[in-house]
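S.K.: Please find one structure pasted underneath; my questions will follow.
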Amino acid sequence: MATVEQALLRKIVIVDDDRGTRERLTTLLEQSGWQVAQAPSGLRLVALLEVEHPDVILLDVAMSWISGFELCRAIKANPNYREIPVVFISGRSAPSDIETGMSCGAADYFVKPIDTQRLLERLRELSPE
């Protein structure tokens, strides 16, 4: 059973096949008041969506099984999840990648290494307390 404090925390899922990235972002976000779940793949995200129903999804672009772009399109096509903001976190920095990410329905696109202060500000905008 979740405590009242846990129930009030904003939920975020980090989807990235790089464990180090997931761990660094988890530490940052938990210290900033987020309840964090991690998914090493798009397949794991699909399983988490029903259980966690996050307030925001941080999504890498280059992953196995399905690209972040394809996964974002699938999330936005699903009426149960389309309202969840998706924020890309990627090493792919070409303008065409950023344009593709935004055209998939993403709320924002951050290039690694991530400006963590800017990311935290954007997440607060997307999911106010």
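No lab work stands behind these numbers, since they all come straight from the coordinates. Since we're looking at a predicted model, the values are computed, not measured. Glycine gets a Cβ as well: all are built from the backbone with ideal geometry, and neighbour counts include every protein chain shown.
S.K.: Add +1 for every Lys or Arg and -1 for every Asp or Glu among the other residues with Cβ under 15 Å from the Cβ of Ser64, and state the total. It would help to have the intermediate numbers written out before the result.
M.R.: Details: positive: Arg19, Arg22, Arg44; negative: Asp16, Asp17, Asp18, Asp60, Glu70.
With Lys, Arg at +1 and Asp, Glu at -1, the net is -2.
S.K.: Between Ala106, Ala37, Ala77, where does the largest GNM mean-square fluctuation fall for the chain, given springs only between Cα atoms within less than 10 Å?
M.R.: Ala77
S.K.: Rounded to the nearest Å, what's the spacing between the alpha carbon centres of the range 28-47 and the range 70-124? Just the number, please.
M.R.: Comparing the Cα centres of the range 28-47 and the range 70-124, I get a distance of 14 Å.
S.K.: How much net charge surrounds Ile12 when only the other residues with a Cβ under 10 Å from the Cβ of Ile12 are counted, with Lys and Arg +1 and Asp and Glu -1? Before the final figure, lay out each step's value.
M.R.: Working: positive: Arg10, Lys11; negative: Glu30, Glu52, Asp55.
Local net charge: -1.
S.K.: Given contacts defined as C-alpha pairs under 8 Å and at least six residues apart, what's the relative contact order of the range 30-108, whole-number percent?
M.R.: Values: 82 pairs, mean separation 22.9, N = 79.
Relative contact order here is 29 percent.
S.K.: Whole-Hz ³J(HN,Hα) for each residue in the range 39-44, computed from phi via Karplus 6.51 cos²θ - 1.76 cosθ + 1.60 with θ = phi - 60°, x for glycine and proline: what do you get?
M.R.: Taking θ as phi minus 60°, the curve returns 9, x, 7, x, 4, 5 Hz for the range 39-44.
S.K.: So, one more: With runs of 4+ DSSP H residues as the only contributors, calculate the mean residue ellipticity of the chain at 222 nm using -39,500 (n - 2.57) per run, divided by the residue total and rounded to the nearest 500. Walk me through the intermediate numbers first.
M.R.: On the way: 6 runs with 59 residues, N = 129.
Taking each H run of at least 4 residues, the total per residue is -13500 deg cm²/dmol.
S.K.: Tell me, in nm to one decimal, what length is gained between Val51 and Ala94 on full extension, where the rule is 0.36 nm per residue of separation less the Cα-Cα distance? Before the final figure, lay out each step's value.
M.R.: On the way: separation 43, 0.36 × 43 = 15.48 nm, distance 3.42 nm.
In short, 12.1 nm is gained.
S.K.: Would you mind ranking Ile75, Ile66, Ile98 so that the residue whose beta carbon has the fewest other beta carbons within 10 Å leads the list? Please report the intermediate quantities before stating the final value.
M.R.: Details: Ile75 23, Ile66 16, Ile98 19.
By the 10 Å Cβ count, ascending, the order reads Ile66, Ile98, Ile75.
S.K.: In addition: Starting from 0.36 nm per residue, how many nanometres of slack lie between Arg24 and Arg44 once their C-alpha separation is accounted for?
M.R.: Numbers: separation 20, 0.36 × 20 = 7.20 nm, distance 1.90 nm.
Here the segment from Arg24 to Arg44 would lengthen by 5.3 nm.
S.K.: Using only Cα atoms and rounding to the nearest 10 degrees, what angle (0 to 90) does helix 19-31 make with the longest principal axis of the chain?
M.R.: Result, in degrees: 40.
S.K.: Sticking with this structure for a sec: Taking the Cβ of Phe88 as the center, what net charge do the other residues with Cβ under 9 Å away carry, scoring Lys and Arg +1 and Asp and Glu -1?
M.R.: Numbers: positive: Arg92; negative: Asp60, Asp97, Asp108.
Once positives and negatives cancel, what remains is -2.
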